[in-house]
1. Checking MET77 against (1) at pLDDT below 90; (2) among the aliphatic types (A, V, I, L, M); (3) not in a loop (DSSP other than H, G, I, E, B), which test does it fail?
2. With respect to ALA305, determine if the residue is over 17 Å from LEU274 (Cα atoms), of a type outside the set (Lys, Arg) and free of Cβ contacts under 8 Å to residues at least 12 places away in the same chain.
3. With respect to ALA261, is the statement that it is assigned to a helix (DSSP H, G or I), under 30 Å from VAL417 (Cβ atoms) and among the aliphatic types (A, V, I, L, M) true?
4. Given the conditions (1) crowded, with 19+ Cβ neighbours inside 10 Å; (2) under 30 Å from SER230 (Cα atoms); (3) not aliphatic (A, V, I, L, M), and given that GLY491 satisfies all but one, which numbered condition is not satisfied?
5. Out of the residues in region 167-177 meeting the condition of being of a type in the set (A, V, I, L, M) and over 12 Å from ASP46 (Cβ atoms), tell me which one is nearest to the chain's Cα centre (by Cα).
6. State the number of residues belonging to region 82-107 that are within 21 Å of THR55 (Cα to Cα), in a helix (DSSP H, G or I) and free of Cβ contacts under 8 Å to residues at least 60 places away in the same chain.
7. Say whether the condition of being in contact with a Ser or Thr (Cβ under 9 Å, 6 or more places away or on another chain) and among the acidic types (Asp, Glu) is met by at least one residue in region 113-135.
8. It is to be established whether one or more residues within region 576-595 are free of Cβ contacts under 8 Å to residues at least 40 places away in the same chain and not in a loop (DSSP other than H, G, I, E, B).
Amino acid sequence: MKDKNALMAEPKKSKVHPLFWIISSYVAMGIPFSMVIWVSASLFKDLGHSDGEITIAVASIGIVWSLKPFWADFLAMFKTKKFFVLSMEFFIGVLFLLMGLALFLPFYFSAIIGLMWIVAIASATQDICCDGIYITTLNKKQQATFIGFQSMAWNLGRVVAVSLVVWVAGYLKDSVGLTPKMAWFYSLMGSGALMALFGLYHSALLPTGSLPEDKKGRTAKNVVQDFLTSAQDFCNKRSLWGMLAFVFFYRSGEGLLLVEAPLFMQGCLEDGALQLALTDKGIIDGTISTVVSVIGGILGGFFIARFSLKRTLFVLALCVNVPNACYLYLSYAVSPDNPLSFTHIATLVSIEKFWYGFGFVGNMLYMMQQIAPGKFKMTHYAFATALMNLILVPTQMVSGPMADSMGFRDYFMFVMVACIPSLIAAWLAPFPQLKAPNEDMSVDDESLLDDNDKKIQSGARKASVYSLLSIFLFLMLDVLCLGWLSGAQSGAAVVFFFVLLGVSTLFKLQLAIKGVRAGLATLNESKSFSGGKAYLSNAKGAIIGGVVMVAVSGILTWYCIDKANAIDWDCAFSKNAKTCLQPHAGETKVCKLDKVER
């Protein structure tokens with residue numbers, strides 16, 4: 001007979017069919033992410049804010065989902081996974097209600113952005129625990145059986161948010177005659193109520209998942225030690241920097257479109273945009289785009305299964321990037337005298353989204369098959385996806401200011417040029433795991449290495465750790481500081497961000513220089529070896545990464561000095577600080593031309 005603690009540690013089996021909670025829980029996961037990244041951009045654009053103001057504020061929030069690995073294991077120490085899912089769903093519902101109420105504040109933009117940061121943290125926590133329930137409740141056969149429904153349900157959550165929520169706001173504004181703020185108020189109220197309904201539904205049907213008793217005796221110190229061990233093992237991977245270059249650059253062009261392309265659909269005709277009504281935009285960007293991208297993803301998976309990932313990766317990169325030209329075409333085809341029809345726009349956007357979905361699966365499978373394998377498979381896959389999402393943050397943030405300053409035609413031409421690194425990364429992407437004995441065993445397993453390999457691996461790991469830490473510091477702190485600095489409205493805020501960037505730059509320089517030195521030391525040591533040089537590319541990659549971060553630190557220093565010289569500091573610390581620091585802040589734009597009938 002099992003003892004009491006063993007019985008407590010077993011998750012309770014759900015009496016309902018898994019699909020009843022899998023579909024609903026992943027729909028509920030997709031809604032808050034979509035609300036933060038896409039719906040909020042539609043809201044602010046409808047209220048007249050510039051693309052630059054929107055993308056800098058909204059895109060920066062995306063960093064939260066990249067940080068999930070840092071607190072995921074801590075959640076397993078307390079309560080149950082179901083407890084956290086229900087708590088976050090109700091909490092997110094309340095936050096949506098508060099976002100609606102915040103619309104009527106004079107500083108509504110800042111208030112809503114602040115609330116969305118909290119939504120993002122709650123949503124990331126919800127994601128962690130929903131995935132945990134899925135993994136701990138279902139066996140491997142069930143997990144494989146329902147994985148397609150899981151993906152479909154998340155995309156359905158995007159449809160609910162981007163299509164339904166935006167459509168409701170547009171209908172209330174255009175057909176009922178409500179003001180934009182009132183229309184969005186009711187739409188956000190409905191979103192909050194919907195999340196609360198998911199919470200009530202899941203309180204009855206969602207399984208418990210693994211219990212905290214599974215981690216009995218586990219302390220925060222143990223969690224940190226395990227995290228550091230898995231991170232160190234991640235840096236042991238052969239061809240690490242080549243694989244990370246692929247992860248970094250594969251979506252370089254896409255990052256410039258994720259937030260800006262929907263804003264282009266909504267912008268004014270006189271500015272070279274499409275000026276879609278909210279209802280039309282919701283249908284195209286929410287429903288049609290999601291459906292065709294899912295179909296594309298399914299067909300892309302079949303394509304890879306038929307011809308193998310290695311043989312198709314460059315083709316998949318072409319599929320992701322070349323159709324971006326659809327937006328370039330739209331920017332040239334539209335004009336105040338030639339507004340495009342709904343069908344015309346929907347067709348071109350659908351083409352781009354279909355091929356994006358078709359090619360995107362290559363990115364995910366590459367991380368699963370080449371980066372993840374080993375004893376920390378799930379953790380390393382989480383690291384890879386976090387890095388992938390981190391690189392999207394700066395590209396999304398700069399997309400708005402660039403589109404504002406360049407105009408849409410030149411901007412979309414720039415996007416096409418920005419696709420080139422993605423194609424190069426796909427062409428040169430390494431496939432070290434093909435040399436492993438089987439798909440689950442890492443090629444870097446110690447039992448497969450000779451003494452020389454281990455020595456070079458150790459030195460290259462040290463160099464990689466330093467260089468990667470400097471890159472993380474830039475992506476996770478500097479990018480946010482630069483974005484927030486551009487929107488600072490007081491002298492004290494400007495000084496704070498300057499100081500933060502200064503401290504960060506000192507740490508980055510120190511880490512980058514250590515990475516370069518360790519990499520050079522490893523290269524020198526390897527000269528005495530006759531073989532066992534499989535990990536030399538990691539040492540070289542660490543050197544290149546360190547040198548790049550030294551250059552980045554120099555550019556940031558120059559930028560801060562130049563910006564400090566351009567600021568009127570007397571004004572910045574006066575009552576008129578907002579006026580001199582942000583002369584265009586709070587300005588709203590109304591399209592000069594009337595709504596286009598399509």
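The values are calculated or read from the model by the stated rules, or taken from the named source; none is laboratory data. For clarity, every value in this text was computed on a predicted model and none was experimentally measured. Note: ideal-geometry Cβ built from the backbone for every residue, glycine included; neighbour counts use all protein chains shown.
1. Unmet condition: (3).
2. Criteria met by ALA305.
3. On the way: assigned to a helix (DSSP H, G or I): yes; under 30 Å from VAL417 (Cβ atoms): yes; among the aliphatic types (A, V, I, L, M): yes.
Yes.
4. Single failed check for GLY491: (2).
5. Of all residues in region 167-177, those of a type in the set (A, V, I, L, M) come to 168-169, 172, 176.
Subsequent filtering for residues that are over 12 Å from ASP46 (Cβ atoms) retains 168, 176.
Working: VAL168: 26, VAL176: 36 Å.
Checking each candidate, the answer is VAL168.
6. The qualifying residues number 1.
7. No, region 113-135 contains no residue that is in contact with a Ser or Thr (Cβ under 9 Å, 6 or more places away or on another chain) and among the acidic types (Asp, Glu).
8. At the first step, the residues of region 576-595 found to be free of Cβ contacts under 8 Å to residues at least 40 places away in the same chain are 576, 579-580, 583, 594.
Subsequent filtering for residues that are not in a loop (DSSP other than H, G, I, E, B) retains 579-580.
Looking through region 576-595, at least one residue is free of Cβ contacts under 8 Å to residues at least 40 places away in the same chain and not in a loop (DSSP other than H, G, I, E, B).
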